[in-house]
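Peer 1: Quick one: structure below, then a few questions.
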Amino acid sequence: MTTASSSPSRRTDAAPGHGIDRSQPITITFGGQKYDAFAGDSLASALIAGGNLQTANSMYLDRPRGILAAGVEEPNGLVTVKARSEDDIDETMLPVTSVEATDGLEAFYVSGQGALDPTPDPALYDRKHMHADVLIVGAGPAGLAAARAALQGEARVVLIDKENRPGGSLLSSRTAQIDGTDGAQWAADTIAELSENPDFTYLSRTTAFGNYDSNYVIALQYRTDHLEPKHREGVSRQRVWHIRADQVVLAPGAMERPIVFSTNDRPGVMLAGAARTYTNRYGALPGQKIAVFTTNDSAYEAALDLHAAGAEIVALVDSREKASEAATAAAERTGAELSLSSAVIGTNASVMGDRLAAVSISELDADGALTGETRTVDADLLAVSGGFSPTVHLHTHRQGTTTWNTEIAGFVPNDDVTGEHCAGALTGDFSTQGALDTGTRAGAAALAAAAANAGFDPGSGSGDAKAPSAQVADEAPLCGAEVKPLWLVPSATGSTDDSFVDLQRDQAVSDIERAYGAGMTNIEHIKRYTSIGTANDQGKTSGVNAMAVLAHMIGEEDLGAVGVSGYRPPFTALPFAALAGRERGDLFDPARVTAIQPWHLEAGCEFEDVGQWKRPWFFAKDGEDMHQAVQRESKAVRDSVGYMDGTTLGKIEIRGQDAAEFVNRFYTNGFKLLKVGKGRYGVMCGVDGMIMDDGVTMRIADDRFLMTTTSSGAAAVFDWLEEWHQTEWPELDVTLTSVTEQYSTITVAGPKSRDVIAKVAPGLDVSNEAFAFMEFQDAELSNGVPARICRISFSGELSFEINVDAFYGLSAWKLVEEAGAEFDITPYGTETMHVLRAEKGLIIVGQDTDGTVTPDDAGLGWAVSTKKKHFIGKRSLEREDSQRPDRKQLVSVMSVDKKTVLPEGAQLIAKDADPTPKKGSVQDPVTPSNGQVHSYGFVTSSYMSPNLGRPFGLALIESGREREGEIMKSLVNGELVEVEIGPLCLFDPEGKRRDG
Amino acid sequence: MLLIDCPHCGPRDEIEFSYGGEAHVVYPEDPSVLNDAEWGRYLFYRENPKGDFAERWIHSGGCRKWFNAIRNTATYEFKGTYAMGEKAPTIKEGDAK
Amino acid sequence: MAETLPEHPDFLWAADPEPKKSYDAIVVGGGGHGLATAYYLAKNHGMTNIAILEKGWLAGGNMARNTTIIRSNYLWDESAAMYEHALKLWEGLTEELEYEMFFSQRGVLNLAHTLGDVRESVRRVEANRLNGVDSEFLSPEEVKEVCPILNISDNVRYPIMGGTYQPRAGIAKHDWVAWAYARKCQELGVDIIQNCEVTKVLKDGEKTIGVDTTRGRILAPRVGLAAAGHSSVVAKTAGVDLPIQSHPLQALVSELFEQVHPTVVMSNHVHMYVSQAHKGELVMGAGIDQYNGYGQRGSFHVVAEQMAAAVELMPIFARAHLLRTWGGIVDVTFDASPIVSKTEVEGLYVNCGWGTGGFKSTPACGWTFAHTIANDEPHEINAPFSLDRFTTGKLIDEHGAAAVAH
């Protein structure tokens, strides 16, 4: 050991130190001070070994506080752990009891509120799914016994435990032996033995934090923090386990409760079980002159252990009139004065510091009132035991109910969760033998149930498994005796202001009294009024005490009648990043790209997110901005030829005898008579009559159609077709296949497109006579690749679509590039596509429609068949509201100044309206001077058109078609701009360019 | 994460499924004969019980088949699943699967 | 040492009054909406011989479970009118109810991540302005100024392309709001009856005459249902079907941190919304679970997805810790707009279908629902939100168009 700690060492060899490796000294730095520790220490045990149990002061009242517990329930000691290496970051708000001490660790206390490290977290987090026949939570004696009993036959057994080593309560025991072996050793041996079976999985440092429907348990595993930095590389820092188990055995133990009395928050007041854990597990003695204050036998065992480890037991204060024989014997062995029917009613600190220096003890009469003289005893630690609360959290996550058990003064789980088996202290039996017995039974029962469900042979373990046998070395076990809870120790002054219930929230009995006085009798109201139970420990040490104080006030003995002891996930706090797992960055929502993507990347194009797709948005040449690029691309298509990657359009193949009938039921127009070799544009509505999708559908054969959909709507349309087929029209003979990913689609558009296609597909007669609009032909490309070429136009130009097997997409694209070189063929993206189609008044579903637009609204009334008896949505189009004459209709809009590009989303108001916007900072709302200013509609699409030589847009406007030629106004950047309403199609309205 | 017993594939995690709301709501034979109120009921009104509920699911990340289920909307417990076209199983109070 | 919140008043409501045999009106549901309705019935309409019947503990349903966001930047005129009326009431509510409720106008940012989002955002901002709702479209850099912890780089899957900002929007402390209304109801003589579940709405012909409850029969000629999703269960006992579906909606909270997040951030595209409450905890909401459920709990993967989105957008949250999750029950309609309406049964009124808009609407909902009950006629603000629209088709489609929930 090279660094001396500046505090006296409280490390003792007179205690077993089950959890530490005395041969592996380490050093930590806490609050700027160095502490010697051993591998296996927790931060808390290292500090206690260094003689320091004082934490930061409390958050609201600034009162000195100390370490209360040894586990996840710790309410006072919250720390920030500094980055553990150069590529780590700080983490705050961790219970000092939950952090494993590692060599070089630096940390400091925070007072109830942490500061987040703004440095991005470079650590890896991941997730793993696992199935188990039997999942056991907790590797104490009950969980280990359950594992032994369950690991039979073919059963896959998983044991998870939040600690760094197995043993649970055995690690805190000085004397427990099982089957003749030291308890902690037995735990390690049991794990070693079980681990020889490949069907057994043991996960340490893994906390089951949530228990969901059908035995879906989620657990967080710490994987690297305890490792040396060099061993962390490539290992995820934390892993979230998702375990679906046929049967679950819960063996999480119980948590000790503090006692509510005046000044019960002083540093040096510690749970008796925690004092015992620090001593036996870590060999760190938390005090030298120790007073013990209890309501049950368990603290006598702590007194014995503390005494054996060298501490002086200065007082044993017991609320009960009588202690058990074993307890009385134990008291004698410690040499402490035993005060029965008594309570600690206050604590004092030394003049020099905040830490406990003395306790005041008074007798209690039969009604619990103070009686007799108060005596004061010097002590530097007060070990308290208010009784134990079984850890019912995971049980209640599943809506399992609990019953208040007066015998143990705790809530115990009822047997009302399917596939769940409770064992150990959770059942209210706190003895080691009880843990082994209930664990063995639970394990065997779980095995039998799992074997029956899964149909495997449970082997010899089904039912009559023999439990291991526990012995305590030199005295009778101190468990199971009577508890006399002291929910509220009267204070000498009568004030309850410093009788604390929730230490982290600084809430005392007086706060509960106020809430009660305000009219609150439900524990949920009390919690909300006082904030008790909402801090980091989520009420683990305060919840039952708060209920009990309330019960005391309303004169109720059954705490179950006061409220429900239900808990919500998670059991312990979870880092956001661990839950995010690998779903970060590129894996957040993996992007879909086309086969032509490498070319797009090389061309340096900008991409647009369309659904999950990355689509080329525009291809800027050197120095061009988006506007310039789009103007160039748009002009190139109209003047010569352009090509675009259209692969992302959804494609659905529909086959079967009834394919025509099926397609016909979805589109508003007719498809039954569509000829083989031809395509038709169709609009699809929801049952509500609103446009849902559109696209061209081709008839490949009598019984075979290829439907195209919008890029982002493909999955929804596919689902839609399947739903109707399976749930309403199963009698129709159709089979649906999504083939979006199977084809690459290249659009070649512009006056020269025919020339390009002629070169690309030399065997194809591309003349207008042989290859008419809305027809398709199978062809072979010049590189031998088979293709289906269609004459479809979304730009109003002569236009072809080449469809090839996706595998050949890139080569086909390059073929078009080469063939088009002589015409200066120009690649274009979605922005140019939008300009071109908008010039033609062609809609983009989802941009020019929003789920409230009928086909007629969108200028597609021509595509709604009046002859068809039925299509989906038809009935809704006949409703009153669908027939309203003032519905918003899609029209074109043009700024009168011929300069202003209207923002998409701009609203249109009457020519004489004046919204008088207030100028000024963004804080100023526009407050219309005369109430709401009526909006007639809004701009859905807007572009600068090089082909029209002016900006233009599309807009949905009330009775829009009647308003052609009308001038309206729109607010653009705080200025009112005049806007002329025009016909939907502004470019080549006669459609002359379509055939070239 | 519900565990849903697909009638075609067996029990699978909820993330493989999509929900379809109330089961056995039949598309009207001839919507044109319904008045607006009747049509409105078909479009917008679904049962919303607290308790056993016949509902539709699709195993969208699996066999892609729609099926029906009886599930308790208060406890989330599945009382049974059955393929499209099959009759709903009779559920007795307290039946668990 | 952190600042403590001011203390609650010493008296809020009578702990356990006996219900009377009859009242002039009964409000079913002692949540925020029920309390606000009773308050405005008493205050605006002078109806003080009324009772609130709550099946559990007061304000223990969605009022205790929401993420407290208040805003009025809804797309459609009808919605903007309702929520802006609410916001104006919120702005005076602390004074009116004489109760500190931590109404904090820290603004709400709705992020845009795609060109489509940007388009919809601008549309909504422009529509808001014409409705007198303060609303701005911010560039990514301006977004960063409002909320410095947001990652506006291109280095994420869905980069932030801007966002709408409503400065007057914000948050309030939910329990405190409910208790503020409850205390005033108590002062005005309203009976607040807890642990009293309505089992049946009683009718004489097609007229409402009262209710049967777990604490006996209580008569009243007017019964207003403000029981969120449970309204459909209660209404059914009067033969009234409601076009709503109840779904779990989960939320979560972290431990306390020093303030880093000055506003409210919502992203519909990646499904997350987050604010930092007064004491320092991060309050977040997840997406709505897909299935119907009254269980006040949902599936964990929905929460995990939300975490991924949060850490993507706000990397500083990586090592914040999730402390508690919980579930509410949102009752949603086909058009994602509420129902505040008369029914075909005389004297039976319904207020439901608020989806994720319930908390923020509380004052306006109470105001208009009270008007509807008192006058047997809707207020002009809630007239468009009647049940008729499901027959005529005149929907107020907030999810199709505005694409912003919560």
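Peer 1: Label point 7 Å out from A:L732 along Cα-to-Cβ: which residues of the range B:28-54 have amide N under 16 Å?
Peer 2: Only B:28-31 pass the distance filter.
Peer 1: With +1 assigned to the C-beta of every Lys and Arg and -1 to the C-beta of every Asp and Glu, and no other charges, what is the dipole magnitude of the protein assembly as shown about the Cα centre in debye, to the nearest 20?
Peer 2: That gives a dipole near 1600 debye.
Peer 1: Relative to the isolated chain, which residues of the range A:720-763 have their accessible area cut by 30 Å² or more in the presence of all protein chains (1.4 Å probe, heavy atoms, no ligands or nucleic acids)?
Peer 2: Hits at the 30 Å² cut-off: A:E722, A:E723, A:W724, A:Q726, A:T727, A:E728.
Peer 1: 7 Å from Cα along Cα→Cβ at both A:R950 and C:N155: what's the point-to-point distance in nm?
Peer 2: Modelled inter-label distance: 4.7 nm.
Peer 1: I want to check the label-to-label distance for A:D622 and C:K200. Put each point 7 Å from Cα in the C-beta direction and report it in nm to one decimal.
Peer 2: 8.7 nm
Peer 1: What pairs in A:K527/C:K200; B:K50/C:K173; C:K207/C:K342; A:K814/A:K992 have C-alpha atoms more than 24 Å from each other?
Peer 2: A:K527/C:K200; B:K50/C:K173; A:K814/A:K992
Peer 1: Net charge within 11 Å of C:E281 by Cβ-Cβ distance, Lys/Arg positive one each and Asp/Glu negative one each, not counting C:E281 itself?
Peer 2: Here the count lands on +1.
Peer 1: Full-extension gain between A:D199 and A:D778, please, as 0.36 nm times their residue separation minus the C-alpha to C-alpha distance.
Peer 2: The A:D199-A:D778 span can extend by a further 202.7 nm.
Peer 1: Could you list which residues have their amide H under 5 Å from that of B:M84, counting only those 5 or more apart in sequence or on another chain, with H placed in the peptide plane?
Peer 2: B:N68
Peer 1: Counting other C-beta atoms within 10 Å, and keeping those with at most 12, which DSSP coil GluC sites (Glu not before Pro) do you find in the range C:294-353?
Peer 2: Filter output for the range C:294-353: C:E344.
Peer 1: Let me ask something additional. If the label point is 7 Å along Cα→Cβ of B:S32, which residues in the range A:843-865 have backbone nitrogen under 14 Å from it?
Peer 2: Correct set: A:865.
Peer 1: Oh, and also: What FRET efficiency would be calculated for the residue pair A:F807, B:R64, taking the C-beta separation as r and a Förster radius of 30 Å, to the nearest 0.05?
Peer 2: Computed FRET efficiency for A:F807 and B:R64 comes out at 0.75.
Peer 1: If each residue of separation counts as 0.36 nm, what is the full-extension length gain between A:E86 and A:N348 once their alpha-carbon separation is subtracted?
Peer 2: Extra length from A:E86 to A:N348 when fully extended: 89.9 nm.
Peer 1: Could you pull out every one of the lysines with an alpha carbon less than 26 Å from that of A:K322, ignoring same-chain neighbours closer than 8 positions?
Peer 2: Straight-line reach from A:K322, under 26 Å: A:K289, A:K484.
Peer 1: Still on this structure, please answer the following. Note the buried accessible area between C and A here, summed over both chains, with a 1.4 Å probe, in Å² to the nearest 100.
Peer 2: 8200 Å²
Peer 1: With label points built 7 Å along Cα→Cβ from the Cα atoms of C:K21 and A:A603, find their separation and express it in nm.
Peer 2: 8.5 nm
Peer 1: If I take every Cα pair under 8 Å that is 6 or more residues apart in chain A, average their sequence separation and divide by the length, what percent do I get for the relative contact order?
Peer 2: So the answer I get is 9 percent.
Peer 1: Take the Cβ-Cβ distance between A:E964 and A:Q883 as r, set R0 to 22 Å, and report the resulting FRET efficiency rounded to the nearest 0.05.
Peer 2: 0.55
Peer 1: Okay, moving on. Considering chain A, what Rg and Dmax in Å follow from its alpha-carbon atoms?
Peer 2: That works out to 38.3, 116 Å for Rg and Dmax.
Peer 1: Let me ask you something else. Chains B and A: buried accessible surface, both sides, probe 1.4 Å, rounded to 100 Å²?
Peer 2: 2100 Å²
Peer 1: By how many nm would the segment from A:S510 to A:E557 grow when fully extended, if each residue of separation counts as 0.36 nm and the alpha-carbon distance is taken off?
Peer 2: Computed gain between A:S510 and A:E557 is 14.9 nm.
Peer 1: Roughly to the nearest percent, how much of the accessible area of chain A is carbon and sulfur, given a 1.4 Å probe?
Peer 2: Here it works out to 48 percent.
Peer 1: List the residues whose amide H sits under 5 Å from the amide H of A:T826, counting only those 5 or more places along or on another chain, with H placed 1.01 Å from N in the peptide plane.
Peer 2: Under 5 Å from the amide H of A:T826 lie the amide H atoms of A:V641, A:G642, A:Y643, each far enough along the sequence or on another chain.
Peer 1: Under 19 Å Cα to Cα from A:K899, which lysines show up? Leave out anything in the same chain fewer than 8 places away.
Peer 2: Within the straight-line limit of under 19 Å, A:K899 reaches these lysines: A:K635, A:K911, A:K969.
Peer 1: Using the structure shown, select from A:K128/A:K614; C:K88/C:K279; A:K752/A:K840 the pairs with a Cα to Cα distance greater than 27 angstrom.
Peer 2: A:K128/A:K614
Peer 1: So if I place +1 on the C-beta of Lys and Arg and -1 on the C-beta of Asp and Glu, and nothing else carries charge, what would the dipole magnitude of the range A:21-110 be about its Cα centre? I want it in debye, nearest 20.
Peer 2: I would put it at about 420 debye.
Peer 1: Within the range A:311-403, what percent of beta bridges assigned by DSSP are antiparallel, to the nearest 5?
Peer 2: Counting only bridges with both partners in the range A:311-403, antiparallel ones make up about 85 percent.
Peer 1: For a quick check: with amide H placed at 1.01 Å from N, whose amide H comes under 5 Å from B:C6's, ignoring anything fewer than 5 positions away on the same chain?
Peer 2: Counting only residues 5 or more places away or on other chains, the set is B:R12.
Peer 1: So, R0 is 22 Å and r is the distance between the beta-carbons of A:R704 and A:E741; what FRET efficiency does that work out to, to 0.05?
Peer 2: E(calc), rounded to 0.05, equals 0.70.
Peer 1: Using the heavy atoms of the protein chains and a 1.4 angstrom probe, tell me the accessible area per residue for the range A:255-386 in square angstrom.
Peer 2: Heavy-atom accessible area per residue stands at 31 Å².
Peer 1: Here is a follow-up. Are there any residues in the range B:43-76 with a reduction of at least 30 Å² in accessible surface when going from the isolated chain to the assembly of protein chains? Probe 1.4 Å, please list them by number.
Peer 2: Buried-area filter returns B:L43, B:F44, B:Y45, B:R46, B:E47, B:N48, B:K50, B:R56, B:R64, B:W66, B:T73, B:Y76.
Peer 1: Tell me the carbon and sulfur percent of the accessible area for chain C, rounded to whole percent, probe radius 1.4 Å.
Peer 2: Roughly 50 percent, rounded to a whole number.
Peer 1: Between the DSSP loop rule and a limit of at most 14 other Cβ atoms within 10 Å, which GluC sites (Glu not before Pro) in the range A:500-587 are left?
Peer 2: Filter output for the range A:500-587: A:E557.
Peer 1: Using each residue's phi in the range C:255-261, evaluate 6.51 cos²θ - 1.76 cosθ + 1.60 at θ = phi - 60° and report the 3J(HN,Hα) Karplus result to the nearest Hz, with x for Gly and Pro.
Peer 2: The phi angles translate into 6, 7, 10, 4, 4, 10, 10 Hz.
Peer 1: Here's a follow-up. Please identify every one of the trypsin sites (Lys or Arg not before Pro) in the range A:607-638 that sits in a loop by DSSP and has no more than 14 other beta carbons within 10 Å of its own beta carbon.
Peer 2: A:K621
Peer 1: Rounding to the nearest 10 and keeping the result within 0 to 90°, find how far the Cα-based axis of helix C:77-97 lies from the longest principal axis of chain C.
Peer 2: 80 degrees
The values are calculated or read from the model by the stated rules, or taken from the named source; none is laboratory data. As the structure is a computational prediction, the values presented were derived from the model and not from experiment. Glycine also receives a Cβ, built like all others from the backbone with ideal geometry; neighbour counts cover every protein chain displayed. Keep in mind that these areas ignore ligands, DNA and RNA; they rest on the heavy atoms of the full protein, side chains included. Shrake-Rupley method; radii C 1.70, N 1.55, O 1.52, S 1.80 Å.
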